[in-house]
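Q: Below you'll find the structure I mean.
The values are calculated or read from the model by the stated rules, or taken from the named source; none is laboratory data. Here the structure is a predicted model, which means the values were calculated and not measured. Here the Cβ positions follow ideal geometry from the backbone for every residue, glycine too, while neighbour counts run over all protein chains shown. All accessible areas refer to the heavy atoms of the entire protein, side chains included, with ligands and DNA or RNA removed. Shrake-Rupley method; radii C 1.70, N 1.55, O 1.52, S 1.80 Å.
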Amino acid sequence: MKLQQADGKIALVAGATRGAGRAIAIKLGETGATVYVTGRTTRKHTSPMKRKETIEETAELVTKAGGKGVPLQIDHTYEGQVQALVEEIQQNEGRLDIAVNDVWGGDPLTDWMAAVGDHNLRNGLQLLQQAVTSHIITTHYAVPLLRKSNQALLIEITDGTDYSYRGNFYYSLAKISNIHMASAAAHDLRKDRITACAVTPGFLRSEAMLDLFGVTEDNWQDGVKQDPHFIASETPFYLGEAIKHLSLDPNFQRFSGKVLSTWELSDIYNFTDADGRRPHWGNYYNEHLT
């Protein structure tokens, strides 16, 4: 499929410090876009995630890729910070073409062994605040600026393509909410030239997951000793490629209200992961986990 040129698009990737958000920002940078990268961790401040990656690093990688990275320390659970962010984009750019809701930060809050009545309630509610409420706040303030675009894209990053249980009450509620938010937004915004959809990766081989398994990207396959399904994992850049190709598709509005996947979009746009592979978590899941 022939894709259009980026033509100086303006993008916001909310939650771009590391992992999927960082990869999405970099890949949008490859199109020549100006990408506002937000998150809580800077070179002077570490978030509760206690990770080393920073938004400044992400912005530099966006610029190195061919775009313009603009790092802004934002906690998207605070309405005033998000409002100020969008006002700054309005003042600097006058419009917003792409908004990606990727704020998560729920790993330390999720107890995979605890059922709903046993899970720490405060942690569960904080997870929903970060992974659902923050997305609502960001969408609320971004939509008026997205309306100023000729053809805008609003993306919810989620996990999974349906409403099935995902191993934890709060995790499931968050990720399923992200899917429904995209569907509902698509309905509300159908007359505004704003396409809303959700996109999921497969088994994501993020920096944190590599650290958890004690491997690097060079020897990641050794991780199968701890989890055999890791063999079907994908880098965050696979999701980044998916978002990049979606953003460059002149007919992306046909996906409005849909939940898409990296493997489905790879079939449509014929792209590969950073290592040249084409992981297909959908097929793998059906063959090995059902």
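Q: With a 1.4 Å probe and all protein chains in place, put 277, 254, 51, 43 in order of accessible area, largest first.
A: Largest accessible area first, the list is 43, 254, 277, 51.
Q: Between the DSSP loop rule and a limit of at most 11 other Cβ atoms within 10 Å, which GluC sites (Glu not before Pro) in region 204-290 are left? If you can, show how the numbers build up before the last one.
A: On the way: sites: 207, 217, 234, 241, 264, 287; in loops: 217.
Passing sites in region 204-290 are 217.
Q: For the residue pair residue 50 and residue 253, what label-to-label distance in nm results when each label sits 7 Å from Cα along the Cα-to-beta-carbon direction?
A: Each label point is offset 7 Å from its Cα along the Cβ direction, giving 4.9 nm.
Q: Same structure again: State, to one decimal in nm², a quarter of the convex hull surface area for the C-alpha atoms of the chain, i.e. the direction-averaged projected area.
A: About 14.5 nm², averaged over all directions.
Q: Ignoring ligands, DNA and RNA, what percent of the 1.4 Å accessible area of region 95-228 is carbon and sulfur?
A: Within region 95-228, the accessible surface is 54 percent carbon and sulfur.
Q: Related question: Could you state how much accessible area residue 205 has, in square angstrom rounded to the nearest 10, with a 1.4 Å probe and all protein chains kept in place?
A: It works out to around 0 Å².
Q: How much of residue 112 can a 1.4 Å solvent probe reach, expressed as accessible area in Å² and rounded to 10?
A: Roll a 1.4 Å probe over it and residue 112 shows about 130 Å².
Q: So what J values fall out for region 154-160 if you push phi through Karplus, 6.51 cos²θ - 1.76 cosθ + 1.60 with θ = phi - 60°, rounded to Hz, Gly and Pro as x?
A: Coupling constants for region 154-160: 10, 10, 9, 8, 9, 9, x Hz.
Q: On to the next question. Quick one: order 224, 82 from most to least accessible surface, probe 1.4 Å.
A: 224, 82
Q: Between residue 217 and residue 118, what is the label-point separation in nm under the 7 Å Cα-to-beta-carbon projection?
A: In this crude spin-label approximation the distance works out to 3.8 nm.
Q: Ordering 233, 164 from largest to smallest accessible area (1.4 angstrom probe), what's the sequence?
A: Largest accessible area first, the residues go 164, 233.
Q: Sequence-distant or interchain residues sharing an amide H contact under 5 Å with residue 271, placed H: which?
A: Those lying under 5 Å, H to H, from residue 271: there are none.
Q: Next question. Between residue 226 and residue 286, what length comes free when the chain is fully extended (0.36 nm per residue of separation minus the Cα-Cα distance, one decimal in nm)?
A: Computed gain between residue 226 and residue 286 is 19.5 nm.
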